[in-house]
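Let me begin by presenting the structure, written as structure tokens, before commenting on it.
Please treat every number below as a calculation from the coordinates, not as lab data. Bear in mind that the values here come from a model prediction, so they are computed numbers and not experimental data. Cβ atoms come from the backbone with ideal geometry, glycine included; neighbour counts cover every protein chain shown.
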Amino acid sequence: MKKLLPILLLIASASCGGKETTGEELVNTLENLTYSVDTVVVDPGEKIIDLSHGSRFSSISLDEQKFYHYDYSKTAINEIDLQKLELTDIHQFSKEGPNSIGFNPPIIQPLSNERFLFVSSSINVGTYFKTGEKEKSLKFNFKEIEGLDIDEGGLITNQAKISHDGKLMFALSSSYHTTTDVRLIIVEPEFKKGKTISLPNLIPTLKFKVHLKEEKRVMGVSEGAQLSTLNNLIFITSSSTSDTYIYDYQTDSLRLIEFPHQLVSPKKSGEIKNEVGDENEFYAEWAKFKYQTSFDKFLWDKKRQQYFRLGYNLIPKETPELEKESEVFLFTYDKDLNLLGETRLDDIETRLESPFFKEGKLWSYVNVEDELGFAVFTFNF
């Protein structure tokens with residue numbers, strides 16, 4: 001592998017307008033945003049699409065033409081044609097046998113040539129054809145990869161993804177095992193070699209967690225780091241901060257980007273008691289961070305050649321079970337990740353589920369009377 005470039009490029013624009021201009025104030029491109037929302041429903045034909053898990057395990061094809069809805073109970077992918085808004089195929093997979101994808105709820109990465117990467121936490125990583133046949137196992141134990149400086153025991157599965165050419169696999173250290181650092185894990189599957197890179201700006205994420213331990217009950221909540229692939233780049237983000245690491249695996253270089261958000265706080269703060277023995281104390285500690293701004297993963301709009309990101313401020317209610325409403329924020333960035341604009345979407349009151357861009361419009365999964373549907377946002381700015 002090439003040696004990691006030692007320089008971290010820090011991008012920190014002075015305000016929310018992106019590039020500087022001489023003698024002019026920087027402009028928030030979303031300041032006068034207007035938008036409309038349409039709801040569309042998928043025709044399942046004579047089939048029934050099970051929405052009991054919502055779109056939790058779903059994904060979008062590389063060409064943005066297909067929505068892959070994973071049916072956990074049937075271990076199958078429902079292929080939705082986003083042009084026709086029809087269920088066009090069902091791809092059956094297995095939890096057992098030589099083509100097993102694993103038993104834990106999967107993370108699915110669509111690949112080229114109608115293949116998929118399935119990641120079953122702590123159990124399996126592998127690529128599969130749409131026929132359900134396993135193409136390649138990427139199930140590696142920490143100990144069998146030369147060059148790694150951490151050993152969490154077990155398999156490398158946390159947030160696992162692969163490069164567009166399949167030559168590299170990426171994952172994140174687990175907050176349950178590596179408790180004082182957040183590290184990007186890079187593996188060359190063919191040679192069973194690898195390395196890790198520390199991501200210090202994401203380490204504060206580790207403190208935003210609380211566990212309740214009682215005699216007959218254990219429960220916990222935590223903020224987390226996420227790994228995603230966009231434009232042949234690896235994005236490492238956290239729900240607790242807008243700070244973002246971009247790893248370009250083609251040049252083996254890392255960038256840290258600290259965004260100058262003004263509409264929301266760019267990161268969560270406060271000291272949290274991580275272990276408690278009382279339910280009231282559990283909810284009190286959780287409240288210290290869950291009502292601060294949470295950040296989603298980045299989205300790419302091919303039509304505008306811009307990145308977007310959503311943020312949320314959960315609105316407190318009398319009981320946690322009633323807490324579904326949020327303030328919803330939209331942020332946009334140019335192709336070089338300069339912050340261009342930010343705004344609150346005043347008429348949206350809940351988190352958008354499985355959002356993605358298609359042909360310049362933002363799509364989000366919705367359940368329409370137990371039928372698979374999408375809210376389609378048309379933005380004008």
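Let's test the formula: R0 of 30 Å, r as the Cβ-Cβ distance of E318 and L263. What FRET efficiency results, to the nearest 0.05? Write out the running numbers ahead of the final one.
Details: r = 28 Å, r/R0 = 0.92.
For R0 = 30 Å, the calculated efficiency reads 0.60.
Could you run the Karplus curve 6.51 cos²θ - 1.76 cosθ + 1.60 with θ = phi - 60° over the range 313-323 and give me ³J(HN,Hα) per residue in whole Hz, x for Gly and Pro?
These are the phi-based 3J(HN,Hα) values: 10, 5, 8, x, 10, 5, 10, x, 5, 8, 7 Hz.
What aspartates and glutamates does K193 reach when the alpha-carbon gap must be under 20 Å and sequence neighbours fewer than 8 apart in one chain are set aside?
Leaving aside aspartates and glutamates fewer than 8 places away in the same chain, those within reach of K193 are E144, E146, D149, D151, E152, D165, D248, D252.
Between the range 26-66 and the range 115-139, how far is it from one alpha carbon centroid to the other, in angstrom?
Taking the Cα centre of each part, the range 26-66 and the range 115-139 sit 25 Å apart.
Taking the Cα centre of the chain as origin and charging only Cβ (+1 Lys, Arg; -1 Asp, Glu), how large is the dipole, in debye to the nearest 20? Don't skip to the end; give the middle numbers.
Numbers: 44 positive and 59 negative charges, 258 e Å.
With Lys and Arg at +1 and Asp and Glu at -1, about 1240 debye.
Rounded to the nearest 0.05, what FRET efficiency is calculated for E271 and S122 with R0 set to 41 Å and r the Cβ-Cβ distance? Intermediate results must be reported in sequence, preceding the final value.
Details: r = 30 Å, r/R0 = 0.74.
So the FRET efficiency works out to roughly 0.85.
Quick one: pull the percentage of alpha-carbon pairs in the range 248-381 with a separation above 26 Å.
Values: 3250 of 8911 pairs.
When every Cα pair of the range 248-381 is considered, 36 percent fall beyond 26 Å.
List the aspartates and glutamates whose Cα lies under 15 Å from the Cα of K216, skipping any in the same chain that are fewer than 8 positions away.
Those aspartates and glutamates meeting the cut-off are D278, E279.
Going out from 0 in 5 Å bins, what whole percent of all Cα-Cα distances in the range 203-251 drops into each bin?
Spelled out per bin, shortest first, that is 5, 17, 21, 15, 13, 10, 8, 5, 3, 1, 0.
Show the residues, 5+ positions off or on another chain, whose built amide H is closer than 5 Å to the amide H of L148.
G194
If the cut-off is 15 Å between C-alpha atoms, which aspartates and glutamates fall inside it for K268, apart from same-chain ones fewer than 8 positions away?
Excluding near neighbours in sequence, the set is E223, D243, E258, E285, D296.
Among H164, Y312, A225, whose Cα sits farthest toward the positive end of the charge dipole of the chain (+1 at Cβ of Lys/Arg, -1 at Cβ of Asp/Glu, about the Cα centre)?
H164
Order by neighbour count: K47, K66, fewest other Cβ atoms within 10 Å first, most last.
Details: K47 10, K66 20.
Fewest-to-most ranking of K47, K66: K47, K66.
Give the Cα extents of the range 170-328 along the principal axes, in whole Å, largest first.
50, 39, 22
Can you figure out the FRET efficiency of E31 with E64, using R₀ = 41 Å and their beta-carbon distance, to the nearest 0.05? Can you show the working numbers first?
Values: r = 28 Å, r/R0 = 0.68.
That gives a FRET efficiency of 0.90.
Return the long-range amide H neighbours of L168 (sequence gap of 5 or more, or a different chain), with a cut-off of under 5 Å between placed amide H atoms.
Correct list: S163.
To make sure I understand, if each residue's beta carbon is the centre and we count other beta carbons within 10 Å, what order do D63, D301, D334 fall in, fewest to most? Kindly include the intermediate steps, with their values, before the conclusion.
Working: D63 11, D301 18, D334 15.
Sorted ascending by nearby Cβ count, the order is D63, D334, D301.
Computed from the coordinates I sent, semi-axes √(5λ) of the Cα gyration tensor in Å equals one of (i) 29, 27, 25; (ii) 32, 27, 22; (iii) 34, 21, 19. Tell me the label.
(i)
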